[in-house]
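Enquirer: Can you read through this structure? Questions will come right after.
The values are calculated or read from the model by the stated rules, or taken from the named source; none is laboratory data. Computed from a predicted model, the values in this text were never measured in an experiment. So basically every Cβ, Gly included, is an ideal-geometry build from the backbone, and we count neighbours across all protein chains shown.
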Amino acid sequence: MSRVYNFSAGPAVLPLEVLQNAQQDLVDYKGCGMSVMEMSHRGKDYDAIHQEAIATFKELCGIGDDWCVCFIQGGASMQFAMIPMNFLGKDQVADYANQGTWSNKALKEAQKIGNVNVAANCQKDIPTRMPADGEFKWTPGAAYSHVCANETISGAELKKFPDTGSPLVCDMSSDILSCERDYNQFAMFYAGAQKNLGPSGMAVVAIRKEFAEKGSQAIPTMLQYRTYTEENSLFNTPPCWSIYIFGETMKWVKKMGKENLFKLNAEKAKKIYDVIDGSGFYRGTALKEYRSNMNVTWRLPTEELEAQFIKEAAAAGMKSLKGHRSVGGVRASIYNAFPMEGVDCLVDFMKEFEKKNG
Ligand SMILES: *Cc1c(COP(=O)(O)O)cnc(C)c1O
């Protein structure tokens, strides 16, 4: 077996142990005589998987009985549409922060549905920063406010969540369960599963029951949050396999200890940022105070050197380091499941590359 160090932004590396357990159980899931992909979503074997996945996730987030966890297909991008369809009524306003590519996409979807106030706009400074505390202008009585916790493409992270005065909705696709966070300050938070939670194919949506109940009943059933909260995401056939791997990944997080993982995440990122800051050759893309611990982005002196860096790294077993095409440069995505050894390998490679080409 030869696994590479996979720095992909998403779909991203999964814990090896989760993959190996899934492999073991693939053809015959724990004596059921069939795989999780083949069994009824109404049967007791699948039901146990479904319930345990939700319970473990809720425990890890520290959210209680007033919350529902839903599995919704269409990824985080479908949430960009569902949120305003459910919660942005005709005579209402929703507040959106424009912090980078993803939050900008979310706000553009909302603009198709209703009135949007851009509460802070750092469009011209993308990809270097997030709005600062004092920059937000929230609307009193807004239907809700929307922020993105971590802009995956720029590598900038919101370090402190604003007090918006309205139900706060947060896109946490790339940094959910990666650091200490009070999840009870939100009305809803969601993540495309393929970065920190599991395989692609769904968004994991945590929503307060009382918030879900406020949603529009005039939209199609499958687009209403209450359909998922009232039927425990079993109104129709859910993405069973994705939910199973998500549940296994949550068990892995629990086993590793989330405090331990959070500490490791900070250490992994620091190792790379230290090389960047200690050199006149590499230059961080995001400003220091907004730096993400999940997606580390940086530039080299020329685009030719960047291409060479990415190519030589790939040849040395470090894959998918190319930055997003809208930003360029290099991006190392180092989610929960990314191993420390991979970071050490990258750091050594960076130092060596600078020595040869600096
Ligand atoms: C990847 C990503 C998305 C889009 O996720 P899909 O599941 O592909 O729709 C949205 N927001 C953020 C912050 C992301 O990183």
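Enquirer: Residues in region 219-239: is at least one on the phi < 0 side of the Ramachandran plot, more than 15 Å from the ligand (Cβ to nearest atom), without any contact (Cβ under 8 Å) to a residue 12 or more places away in the chain and part of a loop (DSSP other than H, G, I, E, B)? If you could, list the steps in order and put the result at the bottom.
Expert: Step one: list which residues in region 219-239 are on the phi < 0 side of the Ramachandran plot, which gives 219-231, 234-239.
Filter again for more than 15 Å from the ligand (Cβ to nearest atom), leaving 219-231, 234-238.
When the remaining residues are screened for being without any contact (Cβ under 8 Å) to a residue 12 or more places away in the chain, the result is 220, 227, 230-231.
With part of a loop (DSSP other than H, G, I, E, B) added as a condition, the list becomes 220, 231.
Checked region 219-239: at least one residue is on the phi < 0 side of the Ramachandran plot, more than 15 Å from the ligand (Cβ to nearest atom), without any contact (Cβ under 8 Å) to a residue 12 or more places away in the chain and part of a loop (DSSP other than H, G, I, E, B).
Enquirer: OK, next. So which of F57, F71 is crowded, with 16+ Cβ neighbours inside 10 Å, within 16 Å of the ligand (Cβ to nearest atom) and not in a loop (DSSP other than H, G, I, E, B)? First the steps, then the outcome.
Expert: On the way: F57 fails: within 16 Å of the ligand (Cβ to nearest atom).
Going through F57, F71 in turn, just one is crowded, with 16+ Cβ neighbours inside 10 Å, within 16 Å of the ligand (Cβ to nearest atom) and not in a loop (DSSP other than H, G, I, E, B): F71.
Enquirer: Another question, if that's okay. Restricting to region 139-154, name every residue that is within 11 Å of the ligand (Cβ to nearest atom), over 12 Å from the mean Cα position of the chain (by Cα) and not hydroxyl-bearing (S, T, Y).
Expert: V147
Enquirer: Suppose we filter E352, E341, E312, E304 for residues that are acidic (D, E) and either surrounded by 14 or more Cβ atoms within 10 Å (Cβ to Cβ) or touching a Cys at 6+ places or on another chain (Cβ under 6 Å) (or both); which single one remains? Before the answer, list the steps.
Expert: Working: E352 fails: either surrounded by 14 or more Cβ atoms within 10 Å (Cβ to Cβ) or touching a Cys at 6+ places or on another chain (Cβ under 6 Å) (or both); E341 fails: either surrounded by 14 or more Cβ atoms within 10 Å (Cβ to Cβ) or touching a Cys at 6+ places or on another chain (Cβ under 6 Å) (or both); E304 fails: either surrounded by 14 or more Cβ atoms within 10 Å (Cβ to Cβ) or touching a Cys at 6+ places or on another chain (Cβ under 6 Å) (or both).
Answer to the selection: E312.
Enquirer: Within region 131-138, is even one residue over 22 Å from the mean Cα position of the chain (by Cα), acidic (D, E), more than 13 Å from the ligand (Cβ to nearest atom) and modelled with pLDDT of 95 or more?
Expert: no
Enquirer: Give the residues of region 314-355 that are more than 22 Å from the chain's Cα centre (by Cα) and under 16 Å from I276 (Cα atoms), sorted by residue number.
Expert: The initial filter retains those residues of region 314-355 that are more than 22 Å from the chain's Cα centre (by Cα), namely 314-317, 341, 344-355.
D344, C345, L346, V347, D348, F349, M350, K351, E352, F353, E354, K355, listed by residue number.
Enquirer: Quick check on region 109-116. Is at least one of its residues within 13 Å of the ligand (Cβ to nearest atom) and at pLDDT 95 or above?
Expert: Taking region 109-116 first, the residues within 13 Å of the ligand (Cβ to nearest atom) are 109.
Next, from what is left, pick out any that are at pLDDT 95 or above: 109.
Checked against the condition, which is being within 13 Å of the ligand (Cβ to nearest atom) and at pLDDT 95 or above, region 109-116 yields at least one hit.
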